[in-house]
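Reviewing the structure listed below.
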Amino acid sequence: MLATALVAAACSRTNLPTRNVPDLGGAPGALLEGTLVADGPCVYLDWPGPPAQRWLVIWPFGYQRDRDAILDGDRPVATIGGFAGLGGGEAQTDEAGTVIFPEMAGEIPADCRVGLYWSAYSITRTPLRPAP
């Protein structure tokens, strides 16, 4: 019974686009705030703008998704449908729209490519600025 529960828990976790190396202390200092939205396997941050924008998040090393929770290891740090403030910076793309990010683990699924990519280094659930 316990083994079944452990397998079910492990299977509910999905991979997110992440960096393949831990943060070594240096990080971009911009802040993007909005609502986390899931569309299939993709997790975006909807920024209210103006203008409104949808960003695919590249998460820190070791982050994963378990249903509606974003986890750092086993610690929940954000929730799909909830507010998130993401410290980091825009990830650059080439002319074909491919993310130019050598520290990224794996590829971004084709269905998740929206053209705007945010490399998150820190996550908060509390707004740092008033809502628009």
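The values are calculated or read from the model by the stated rules, or taken from the named source; none is laboratory data. Keep in mind it's a predicted model, so treat the numbers as computed, not measured. Because the Cβ atoms are built from the backbone with ideal geometry, glycine has one as well, and the counts that use them run over all protein chains shown.
Among residues of region 30-46 that are within 16 Å of D68 (Cβ to Cβ), those with a Cβ under 8 angstrom from a residue that is among the aliphatic types (A, V, I, L, M) and not in a strand (DSSP E or B), sequence gap 6+ or separate chain, pair up as L36/I80; V37/I80; A38/I80; V43/L16; V43/I80; Y44/V114; D46/A52. Inspection of region 11-29 finds a residue satisfying the criterion of being of a type in the set (D, E) and modelled with pLDDT under 90.
What number of residues within region 54-94 satisfy the criterion of being within 11 Å of T35 (Cα to Cα) and assigned to a strand (DSSP E or B)?
Step one: list which residues in region 54-94 are within 11 Å of T35 (Cα to Cα), which gives 54-55, 78-86.
Now drop any that are not assigned to a strand (DSSP E or B), which leaves 54-55, 78-79, 83-86.
Count: 8.
Against the definition (under 19 Å from T124 (Cβ atoms) and modelled with pLDDT under 90), how does E103 come out, yes or no? Walk me through it before giving the result.
Working: under 19 Å from T124 (Cβ atoms): no; modelled with pLDDT under 90: yes.
Considered against the rule, which asks whether it is under 19 Å from T124 (Cβ atoms) and modelled with pLDDT under 90, E103 comes out as no.
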